[in-house]
Amino acid sequence: MKGKKRVGIVLFQLGGPDSLEAVEPFLLNLFLDPDIIPLGPLGWLRRPIAKWISSRRSIPVAKKYAEIGGRSPIGTLTERQRAALVEALSPHVDAVAVTAMRYWHPLTREAVESLGKAGALDELVLLPLYPQYSFATTLSSLKEWRRVYGQPDGGPPERTIDHFYGHPLYIQALVERIGSVLRQFADGASIHLVFSAHGLPMSLVDKGDPYPRQIEATVRAVCELGARQYEAWPRTHLLCYQSRVGPAKWLQPALTETIEKLGHEGVKEMLVVPISFVTEHIETLHEINIEAREEAEKIGIETFRMMPAVGDSPLFIAALKDLVLRAVGIETGSSPNAASIGANR
Ligand SMILES: C=CC1=C(C)c2cc3[nH]c(cc4nc(cc5[nH]c(cc1n2)c(C)c5CCC(=O)O)C(CCC(=O)O)=C4C)c(C)c3C=C
Ligand SMILES: [Fe+2]
Ligand SMILES: [Fe+2]
């Protein structure tokens with residue numbers, strides 16, 4: 001009998017500064033990315049503009065990183081996901097998983113080097129850890145992969161998982177996380193569920209970026225499943241977008257406006273659900289858990305809670321495992337219904 005397949009897995013993520021000194025070069029890498037800031041004919045100004053923005057922005061942003069422990073936890077938390085995924089896959093395939101961060105170490109180049117050291121592979125699975133596809137995240141990472149890795153002759157066949165916003169185990173992982181926080185309220189049904197996704201400039205949405213539609217689909221699926229599984233599932237939910245950068249028009253409504261509006265309506269209890277992230281980082285730990293919380297308190301909201309990210313929870317790792325096994329054509333028999341997975345964007 002043939003042994004297990006050797007499967008390379010590349011986990012793509014945004015990355016974050018691992019020290020306060022790394023904040024400025026991290027931001028420089030981010031603002032140098034034409035998929036984050038398309039400059040069109042002004043592209044030749046990219047470097048001076050990116051240098052200017054990152055040097056100015058690094059001062060307030062480093063203060064925020066200082067308040068959440070002096071670094072982004074995204075590297076450590078992604079490493080936990082990577083290790084848990086390899087372990088979960090071990091009965092089925094011989095997995096070699098590496099992480100390719102878009103703007104800070106381990107960068108894509110380092111991921112390619114690590115894979116090179118792993119020896120021959122039967123297949124390669126590209127798995128961006130962004131549940132919802134966006135030009136700014138998924139596409140940017142995959143383009144960087146192609147630039148750095150190229151298309152080596154005789155390389156293993158590549159399978160790309162470019163989104164998983166409706167995967168039943170991912171949805172279940174979110175519902176379970178929300179459920180665990182709902183229990184901390186006297187009556188879950190009467191609180192406000194506020195889904196908060198990372199924002200996106202309207203310029204990308206107008207170019208056909210499927211991200212907002214996929215976010216909406218995730219929210220719908222979570223609420224449908226939650227209402228079926230929990231008697232005290234909140235009767236009201238809203239979707240808003242956080243972390244706008246710069247003066248251009250972004251997806252609306254903003255998280256801050258939403259909190260303000262709910263406060264004025266007399267809402268006293270809310271649970272914020274970060275919906276586009278799979279680990280904690282500055283956007284959840286600072287923007288929601290510090291800044292939005294302060295805002296909420298000021299406006300009279302008495303109980304403000306945030307759902308912890310799906311992280312390396314067994315259900316989320318099971319979702320990633322299922323995605324990888326399907327990508328390499330292995331059926332385990334315990335997989336969820338194929339029809340509900342990876343619906344078209
Ligand atoms: C879900 C995913 C994300 C989308 C879509 C996205 C778009 C996007 N982001 C910026 C600018 C910044 N993002 C920053 C941090 C950051 N962004 C995401 C995810 C998405 N971004 C994550 C996970 C993080 C956290 C990284 C960490 O340190 O832990 C930052 C840096 C922080 C700051 O300066 O506020 C910037 C800048 C743009 C412009 C954009 C769409 C075009
Ligand atoms: Fe971002
Ligand atoms: Fe951001």
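The values are calculated or read from the model by the stated rules, or taken from the named source; none is laboratory data. From a predicted model like this one, the values you see are computed outputs, not experimental measurements. In this analysis, Cβ positions are derived from the backbone assuming ideal geometry, glycine residues included, and neighbour counts consider all displayed protein chains.
Considering only residues in segment 5-22 that are aliphatic (A, V, I, L, M) and more than 22 Å from S276 (Cα to Cα), the one that is surrounded by the most Cβ atoms within 10 Å (Cβ to Cβ) turns out to be V7. Applying the criterion of being without any contact (Cβ under 8 Å) to a residue 60 or more places away in the chain and aliphatic (A, V, I, L, M) to the residues of segment 111-170, the residue that is nearest to ligand 3 (Cβ to nearest atom) is V148.
The set of residues in segment 257-277 being farther than 18 Å from E216 by Cβ and either within 14 Å of ligand 1 (Cβ to nearest atom) or not in a helix (DSSP H, G or I) (or both) consists of E265, G266, V267, K268, E269, M270, L271.
Can you find a residue in segment 174-194 that is over 21 Å from I288 (Cβ atoms) and either buried (at least 21 other Cβ atoms within 10 Å of the Cβ) or not assigned by TED's automatic domain parsing to the domain that holds A296 (or both)? No.
Across segment 23-44, the number of residues qualifying as within 16 Å of ligand 2 (Cβ to nearest atom) and assigned to a loop (DSSP other than H, G, I, E, B) comes to 7. You will find that of P308, P274, P253, the residue that is within 30 Å of L126 (Cβ to Cβ) and away from ligand 3 (no atom under 16 Å from the Cβ) is P308 and no other.
Filtered by the rule that a residue be free of Cβ contacts under 8 Å to residues at least 40 places away in the same chain and more than 23 Å from L11 (Cβ to Cβ), segment 62-85 gives a lone residue, K63. One residue alone among A254, A248 is surrounded by fewer than 18 Cβ atoms within 10 Å (Cβ to Cβ) and either under 16 Å from the mean Cα position of the chain (by Cα) or more than 22 Å from A296 (Cβ to Cβ) (or both), and that residue is A248. Listed by position, the strands (runs of 3 or more DSSP E) inside segment 121-222 whose residues that are farther than 15 Å from L251 by Cβ, under 15 Å from the mean Cα position of the chain (by Cα) and not β-branched (V, I, T) number at least 1 are 123-128.
Yes/no matrix, rows are residues, columns are (1) of a type outside the set (A, V, I, L, M); (2) in contact (Cβ under 8 Å) with a residue 60 or more places away in the chain; (3) more than 19 Å from L139 (Cα to Cα); (4) within 13 Å of ligand 1 (Cβ to nearest atom):
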{"residue": "G8", "(1), (2), (3), (4)": "yes, yes, yes, no"}
{"residue": "L11", "(1), (2), (3), (4)": "no, yes, no, no"}
{"residue": "P17", "(1), (2), (3), (4)": "yes, yes, yes, yes"}
{"residue": "E24", "(1), (2), (3), (4)": "yes, no, yes, yes"}
{"residue": "L32", "(1), (2), (3), (4)": "no, no, no, yes"}
{"residue": "L39", "(1), (2), (3), (4)": "no, no, no, yes"}
{"residue": "R47", "(1), (2), (3), (4)": "yes, no, yes, no"}
{"residue": "W52", "(1), (2), (3), (4)": "yes, no, yes, no"}
